[in-house]
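Since the structure comes first, as structure tokens, the remarks are kept for the end.
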Amino acid sequence: MANAFDVLEERGFIEQTTHPEELRELLGKESVTFYVGFDATAPSLTMGHLIPLMSMLHLYRAGHRPIFLLGGGTTMIGDPSGKSDMRQMLTKEAIDANVESFRRQFSKFVNFADGSAILENNANWLLDLNLMEFMREVGRHFSVNRMLTMETYKARLESGLTFLEFSYLLTQSYDFLELYRRYNCRLQMGGNDQWSNIIGGYELVRKVEGASVYGLTLKLLTTSAGTKMGKTEKGTVWLDPERTSPYDFYQYLRNVDDADVELMLALLTFLPMEEVRRLGALKDAEINRAKEVLAFEVTKFVHGEEEAKKAEATAKALFGGPGVAEDMPSTALPRAVFAEGMDILTLLTETGLAASRSEGRRLVQQGGITLGDERVTEIDYLVTEAEFSGGELVIRKGKKVYHRVVLQ
């Protein structure tokens, strides 16, 4: 079996690492316990979380033991990395609900029951810490002068940095120490924006325990142009099907830029690299086949094969011929509201195709809205029941976004 370090490197995951040769040797000769932390700042994982998740699964498949560390404690502070302002503080109840949502989602991908993977929550040790003992054991190892040179903190000095956020590095670093003591955890991984936090934990364990531990950062999910992937006009692409439907999830991946296909196949699927390179080398119209493989494989991984097949069939029905697919994103509205007609701007906001009436007005004026086969050009256009066929009406926004309205 290939060394897991080589697998991550070949597929493009690794950005920075401490002692790469030592770490590679360690991963090649024994089963290593490692962890990634996930602060529970939202009610669902997002597409961006697939990078750390997939990297963990590559190591898991190679016989290493992952710890999925839920940030029930660190989320009480909030990571200032990459933030120009202080994060909104969540209630403990909201954090606990988010932690439970993450737990359910992670449980779809790994087996926590047999001990081959571990699910932990840093609230178990952070919330009951004795402040004086913590500062004596941990705080004395951190130089304020050095912390102020870190981009995370330096960028915030002018706009304002609270002591609450300043302490985040200490609490996340303490996680590594605690996991080393509990599970002999030797490696922390995280996004490349977490390098300072990871180095803090790596150095703390080495100073306090004299142990050989390691840190590794992962590529962030960005396009070839350097912009963050996983954002659409509707907002974030979530892994929760109630927030981003499997169809919308599939379509997002189906529509990535040609230049991003090969890297996305390498990072987000388990396809052999020979196949990834073959698909990534396709040109012109043939690259669409590679995009279909990408969309299907990732949707299958996140939502299951049945939902992936439904999303694929829906896309083919919309883009390959006539007819309405049952799994198209839909909104049911009362038949009565169309008796005298619903204005097009209201319909666009009701279906979520426009976030506001002003956005809907812009879409119509730019020729971006089609009802059935007819383009709408007037912002005061009234949609009546007569335009529905079999109680259904398909709205197209732009070239690729379809939505079905169903009369009830």
Exercise for the section: Could you check the simple spin-label distance between Met273 and Arg181, using points 7 Å along Cα→Cβ, in nm with one decimal? Expected result: 4.0
Completion exercise
Given pairs Lys291/Lys316; Lys228/Lys400; Lys283/Lys310 and cut-off 18 Å on Cα-Cα distance, the over-length ones are Lys228/Lys400; Lys283/Lys310
Practice task
Please state, as a whole number in µm²/s, the translational diffusion coefficient that the Stokes-Einstein equation yields for the chain at 20 °C and 1.002 mPa s, with Rh defined as the Kirkwood radius across alpha carbon pairs.
Solution key: 91
Fill in the blank from the handout: Membrane-span-like helices (DSSP H runs, Cα span along own axis at least 15 Å, mean Kyte-Doolittle at least -1.0) in the chain -> 50-61, 92-106, 168-183, 195-209, 287-303, 305-320
Handout entry: Pairwise FRET efficiency - Ala339 versus Thr222, Cβ, R0 = 41 Å, nearest 0.05
Key = 0.25
Exercise for the section: Tell me which residues come under 5 Å, amide H to amide H, from Thr33 once H is placed; ignore anything under 5 positions away on its chain. Expected result: Arg65, Arg186
Practice task
Please list 248-259, 391-402 highest first by mean number of surrounding beta-carbon atoms within 10 Å per residue.
Solution key: 248-259, 391-402
Problem - Span from the the range 213-291 Cα centroid across to the the range 367-386 one, whole angstrom - result: 33
Handout entry: Among 138-147, 92-101, 49-58, the order from most to least packed when residues are scored by Cβ within 10 Å on average
Key = 49-58, 92-101, 138-147
Fill in the blank from the handout: Dividing the surface of the Cα convex hull of the range 4-218 by four yields a projected area in nm² of 11.6
Completion exercise
Length gained if Ala97 through Ser389 is fully extended, taking 0.36 nm per residue and subtracting the Cα-Cα distance, is 100.9 nm
Handout entry: Extended-chain gain in nm, criterion 0.36 nm per residue less alpha-carbon gap, Asp114 and Glu359
Key = 83.1 nm
Exercise for the section: For every helix of n ≥ 4 consecutive DSSP H residues, a contribution of -39,500 (n - 2.57) applies; sum these over the chain, divide by its total residues, and give [θ] at 222 nm rounded to the nearest 500 deg cm²/dmol. Expected result: -12500 deg cm²/dmol
Exercise for the section: Give me the percent of DSSP beta bridges within the chain that run antiparallel, rounded to the nearest 5. Expected result: 50
Fill in the blank from the handout: Long-range share for the range 1-109, i.e. C-alpha pairs more than 19 Å apart as a percent of all pairs, stands at 52
Practice task
Order these peptides, 106-117, 188-199, by their mean beta-carbon neighbour count within 10 angstrom, highest first.
Solution key: 188-199, 106-117
Completion exercise
Pseudo-spin-label distance Ser167 to Thr236, built 7 Å along Cα→Cβ, given in nm, is 2.5
Exercise for the section: Any chance you could run the full-extension gain for Glu133 through Glu374? It's 0.36 nm times the residue separation minus the Cα-Cα distance, nm to one decimal. Expected result: 79.7 nm
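No lab work stands behind these numbers, since they all come straight from the coordinates. None of these values were measured; they are calculated from a predicted model. Neighbour counts run over all protein chains shown; Cβ positions are idealised from the backbone, glycine included.
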